[in-house]
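Novice: Before I ask anything, let me first share the structure, which is written out below as structure tokens.
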């Protein structure tokens, strides 16, 4: 199973806990802008049955464009590899970026599944509500059998109601949230502009900032300990891939006051 690191940390456990072979295809880092390495992906596809893409991408915040997805789907189709797209952040698109769902390719390739949830957009992860989009009947039957065998046959009724209500009645709220998140990210970018050697990846989607602090010359453990000592917690880059220990992931889905205080503590702990 191919995953593209750095990536949402449960992907690693998901593969290994199912006793499957993990194939990492690292994203290309172009001075903070991350792209899929199609040459590397194609070299691994002959040895894979599944490829998992995260779009929008956690933690780097990429929203893959249509040309990128065209190429990815065509590669999976050419090698007969099943494509699973985690699109849980699909509502959280910042600025002028446009989201393209992999489900748009179901007419050209049947071995596709799309996973999503209202949990990120509406902060309802505690309701444990998610869904999968499958068109192919054979795949759908396999999925239903798996659910029954693993006791996932029933959905949380509160989650169903919350999902329906949110998707049908919260457009204005989501739009206002996106404006707030955009302002928060702009504030974060301006803050780190004072420290130009700290590379902030341009977040196209999600509410996550991916920051490269390798210029400090500190290990991931040293960065983490200094932050904790100053009472601020971020997600350390090492959980998203072994080569990212000097990165941090900052969740800016909070009040501007909280973000300001958190960045001040990061500055005191690491940057001054």
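All of the numbers you see were taken from the coordinates with simple rules; none came from a lab. None of these values were measured; they are calculated from a predicted model. Glycine gets a Cβ as well: all are built from the backbone with ideal geometry, and neighbour counts include every protein chain shown.
Novice: For the chain, take the longest principal axis of its alpha carbons; what is the angle in degrees between that and the long axis of helix 220-229, to the nearest 10 within 0 to 90?
Specialist: Roughly 60 degrees between the two axes.
Novice: At 0.36 nm per residue, and after removing the present C-alpha to C-alpha distance, how many nm does the segment from residue 130 to residue 219 gain when stretched out fully? Don't skip to the end; give the middle numbers.
Specialist: Values: separation 89, 0.36 × 89 = 32.04 nm, distance 3.66 nm.
Difference between extended and current length: 28.4 nm.
Novice: With r defined as the distance between the Cβ atoms of residue 31 and residue 257 and R0 fixed at 51 Å, what FRET efficiency is calculated, to the nearest 0.05? Can you show the working numbers first?
Specialist: Numbers: r = 32 Å, r/R0 = 0.62.
Between residue 31 and residue 257 the formula returns 0.95.
Novice: Another one. Take the alpha carbon atoms of segment 113-188, find their radius of gyration, then divide it by 2.2 N^0.38 Å using N residues; give the quotient. Intermediate results must be reported in sequence, preceding the final value.
Specialist: On the way: Rg = 16.0 Å, N = 76, 2.2 N^0.38 = 11.4 Å.
Normalised Cα radius of gyration, segment 113-188: 1.41.
Novice: Now, a different point. Label-point separation (nm) for residue 147 and residue 42, each offset 7 Å from Cα along Cα-to-Cβ?
Specialist: 3.7 nm
Novice: How do 36, 236 rank when sorted from fewest to most other Cβ atoms within 10 Å of their own Cβ? Intermediate values should be presented prior to the final figure.
Specialist: Working: 36 21, 236 18.
By the 10 Å Cβ count, ascending: 236, 36.
Novice: Just for segment 15-166, what percent of DSSP beta bridges are antiparallel, to the closest 5?
Specialist: Working: 7 of 16 bridges.
Here the antiparallel bridges make up roughly 45 percent for segment 15-166.
Novice: While we're looking at this one, here's another question. Restricting to segment 77-185, what percent of DSSP beta bridges are antiparallel, rounded to 5? Before the final figure, lay out the partial values.
Specialist: On the way: 4 of 8 bridges.
So the antiparallel bridges in segment 77-185 amount to around 50 percent.
Novice: If you build a Gaussian network model of the chain, linking Cα atoms that sit under 10 Å apart, which residue out of 113, 43, 101 swings the most?
Specialist: 43
Novice: Next question, about the same structure. Which angle between 0 and 90 degrees, to the nearest 10, do you get for helix 157-169 versus the longest principal axis of the chain when only C-alpha atoms count?
Specialist: Roughly 70 degrees, rounded to the nearest 10.
Novice: Antiparallel DSSP bridges in the chain: what percent, to the nearest 5?
Specialist: Values: 17 of 29 bridges.
The answer is about 60 percent antiparallel.
Novice: Here is a follow-up. R0 = 51 Å: FRET efficiency of residue 79 with residue 272, Cβ-based, nearest 0.05?
Specialist: Values: r = 51 Å, r/R0 = 0.99.
So the FRET efficiency works out to roughly 0.50.
Novice: Okay, moving on. For 49, 197, what ranking results if the residue with the fewest other Cβ atoms within 10 Å of its Cβ goes first?
Specialist: 197, 49
Novice: Let me ask something else. Taking 0.36 nm per intervening residue step and subtracting the Cα-Cα distance, what contour gain separates residue 13 from residue 66 on full extension? Intermediate values should be presented prior to the final figure.
Specialist: Values: separation 53, 0.36 × 53 = 19.08 nm, distance 2.92 nm.
Between residue 13 and residue 66, full extension yields an extra 16.2 nm.
Novice: Work out how much length residue 140 to residue 101 would gain on full extension: take 0.36 nm times their residue separation and subtract the Cα-Cα distance, in nm to one decimal.
Specialist: Details: separation 39, 0.36 × 39 = 14.04 nm, distance 1.90 nm.
That works out to 12.1 nm of additional length.
Novice: I would also like to ask the following. To make sure I understand, if each residue's beta carbon is the centre and we count other beta carbons within 10 Å, what order do 145, 139 fall in, fewest to most? Working shown, then result.
Specialist: Details: 145 10, 139 16.
Ranking 145, 139 by Cβ neighbours within 10 Å, fewest first, gives 145, 139.
Novice: In percent, how large is the relative contact order of the chain, given Cα pairs closer than 8 Å and 6 or more residues apart? Spell out each step's value before the answer.
Specialist: Values: 426 pairs, mean separation 48.7, N = 272.
Computed value for the chain: 18 percent relative contact order.
Novice: Something else about it: Between 106, 27, 178, which gets the highest mean-square fluctuation from a Gaussian network model of the chain, Cα cutoff 10 Å?
Specialist: 106
Novice: Given the -39500 (n - 2.57) contribution per DSSP H run of 4+ residues, what per-residue ellipticity at 222 nm results for the chain, rounded to the nearest 500 deg cm²/dmol? Numbers along the way, then the final one.
Specialist: On the way: 9 runs with 102 residues, N = 272.
Rounded to the nearest 500, it is -11500 deg cm²/dmol.
Novice: Cα extents of segment 145-263 along the three principal axes, largest first, in whole Å?
Specialist: Over segment 145-263, Cα extents along the principal axes are 50, 38, 25 Å.
Novice: State the three equivalent ellipsoid semi-axes of the chain, derived from the C-alpha gyration tensor as the square roots of 5 times its eigenvalues, in descending order and whole Å.
Specialist: Details: eigenvalues 203, 107, 63 Å².
Result for the chain: semi-axes of 32, 23, 18 Å.
Novice: Here is a follow-up. Go ahead and set up a Gaussian network model of the chain, Cα springs under 10 Å, then flag whichever of 132, 60, 200 fluctuates most.
Specialist: With Cα springs under 10 Å in the chain, the top fluctuation among 132, 60, 200 is at 132.
Novice: Okay, next question. What do you get for the angle between helix 171-192 and the principal long axis of the chain? Use alpha-carbon atoms, 0 to 90 degrees, nearest ten.
Specialist: Approximately 40 degrees, to the nearest 10.
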